[in-house]
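Take a look at the structure below.
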Amino acid sequence: ALYAVPQPTLAGLRVVISAGGTREALDPVRFLGNRSSGKQGLALAQVAAERGAQVTLVAANVSLPAPPGVQVVPVESALDLAEAMTARADDADVLVMAAAVADFRPKQYVDAKIKKTHAPGHEDDAPVIELTRNPDILAALVQRRRERGTARPVIVGFAAETGDDEGDVLHHARAKLARKGCDLLIANEVGRDVTFGKDESTVHVLVAGSTAEPVTIGPAPKASIAAGVWDAVQQLLAP
Ligand code: CTP
Ligand code: CA
């Protein structure tokens, strides 16, 4: 006879995952965007659904269909995404910020399509686009939980890091975990040809308050990365 191995479970838990990349509109036809495909967020949604969670995917310009059984909330900009996550935060057991959120948006949205020549005699003038900071959604979600004085939702952040003169990927990831105040930070190594839109990646799982070395997952398909991330979340949820 075949015996089923008991699977780790998220049965009955409400999880809200942001995925994709925000678009910050300049005018009705143009935006500032990024290369996030949403694949990692979709993989996280799929694994969570398979493990029995009630999954909401806050999808910012995701190019692929959502897995079956997942409720999709489409958003475009960082401000839209902030609103969608905040509205669902208090009732969630787990929040995952897998979306690539634009740090800045154009200071002004122009209602009509921007023309290349604004004024006669100034054909060579290039417009300067002024930017303004977007809210830090992850930090705000942590702050909201702190104000409510609750342990839930568990909050997971992602960090796309390249490493630079100041330090390697893990150095930046540790600093980011401390700065954001979330429970888990999944650090992704990125470069121009790595991770974005690809099917495989390598991540390091950093746990807040833990002195243990971060667990590394990969190089592996995004489905395996997602499974490893949920394993880490389940360890935090366990009594
Ligand atoms: N994030 C967010 N709101 C923002 C920017 C980022 O919630 N305005 C979230 C991302 O979804 C991710 C985490 O914060 O889970 C880290 O994103 P990252 O861009 O790596 O961090 P930043 O704080 O924006 O730092 P920097 O881009 O300067 O490295
Ligand atoms: Ca950023």
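The values are calculated or read from the model by the stated rules, or taken from the named source; none is laboratory data. From a predicted model like this one, the values you see are computed outputs, not experimental measurements. Cβ sites come from the backbone with ideal geometry, for glycine too, and all protein chains shown count toward neighbours. Accessible surface is based on the protein model in full, side chains and every heavy atom, while ligands, DNA and RNA are left aside. Shrake-Rupley method; radii C 1.70, N 1.55, O 1.52, S 1.80 Å.
Assuming 0.36 nm per residue, please report the length gained on full extension of the stretch K115 to D168 beyond their Cα-Cα distance. Could the numbers behind the result be given before it?
On the way: separation 53, 0.36 × 53 = 19.08 nm, distance 4.29 nm.
Result for the pair: 14.8 nm of gain on full extension.
Could you sort the peptides 15-24, 207-216, 91-100 by per-residue average Cβ neighbour count (10 Å cutoff), highest mean leading?
Details: 15-24: 26.5, 207-216: 11.6, 91-100: 24.7.
Ranked by mean Cβ neighbours within 10 Å, highest first: 15-24, 91-100, 207-216.
Where both bridge residues fall in region 1-153, DSSP classifies roughly 25% of the beta bridges as antiparallel. Rounded to the nearest 10 degrees, the inclination of helix 222-237 to the longest alpha-carbon principal axis of the chain is 60 degrees. For the chain, the longest principal axis of the C-alpha atoms and the axis of helix 169-180 are separated by about 90°.
Which whole-number value in Å³ per residue fits the convex hull of the alpha carbons of the chain?
Working: hull volume 38.6 nm³, N = 239.
It comes to 162 Å³ per residue, whole-number rounded.
Answer rounded, prolate or oblate for region 156-239, using the Cα gyration tensor with square roots of eigenvalues a ≥ b ≥ c: rounded when a/c is under 1.5, else prolate when a/b is larger than b/c, else oblate.
Values: a/c = 2.17, a/b = 1.14, b/c = 1.90.
Oblate is the answer for region 156-239, as a/c is 1.5 or above yet b/c matches or exceeds a/b.
List the trypsin sites (Lys or Arg not before Pro) within region 42-120 that DSSP assigns to loop and that have no more than 14 neighbouring Cβ atoms inside 10 Å. It would help to have the intermediate numbers written out before the result.
On the way: sites: R51, R88, K107, K113, K115, K116; in loops: R51, K107, K113, K115, K116.
Loop-located and lightly packed - K107, K113, K115, K116.
Using the per-residue mean of other Cβ atoms lying within 10 Å as a proxy for protection, in what order, highest first, do the peptides 174-182, 143-151, 37-45 fall? Walk me through the intermediate numbers first.
Working: 174-182: 17.4, 143-151: 11.7, 37-45: 26.3.
The most tightly packed comes first, giving 37-45, 174-182, 143-151.
Under a Cβ-Cβ cut-off of 11 Å, what is the net charge of the residues other than S224 that fall near it, where Lys and Arg count +1 and Asp and Glu count -1? Charge balance near S224 sits at -2.
Using only alpha carbon pairs under 8 Å that are at least six residues apart, calculate the relative contact order of the chain and give it in whole percent.
On the way: 485 pairs, mean separation 45.0, N = 239.
Relative contact order comes out at 19 percent.
The residues of the chain expose on average 56 square angstrom of accessible surface per residue, using a 1.4 Å probe on protein heavy atoms. Relative to the longest principal axis of the Cα atoms of the chain, the long axis of helix 137-148 makes an angle of roughly 50 degrees.
The portion of the accessible surface of the chain made up by carbon and sulfur, rounded to a whole percent, is 51 (1.4 Å probe; DNA, RNA and ligands excluded). Note on D199 and E147: the model spin-label points, each 7 Å out from Cα along the C-beta direction, lie 4.4 nm apart.
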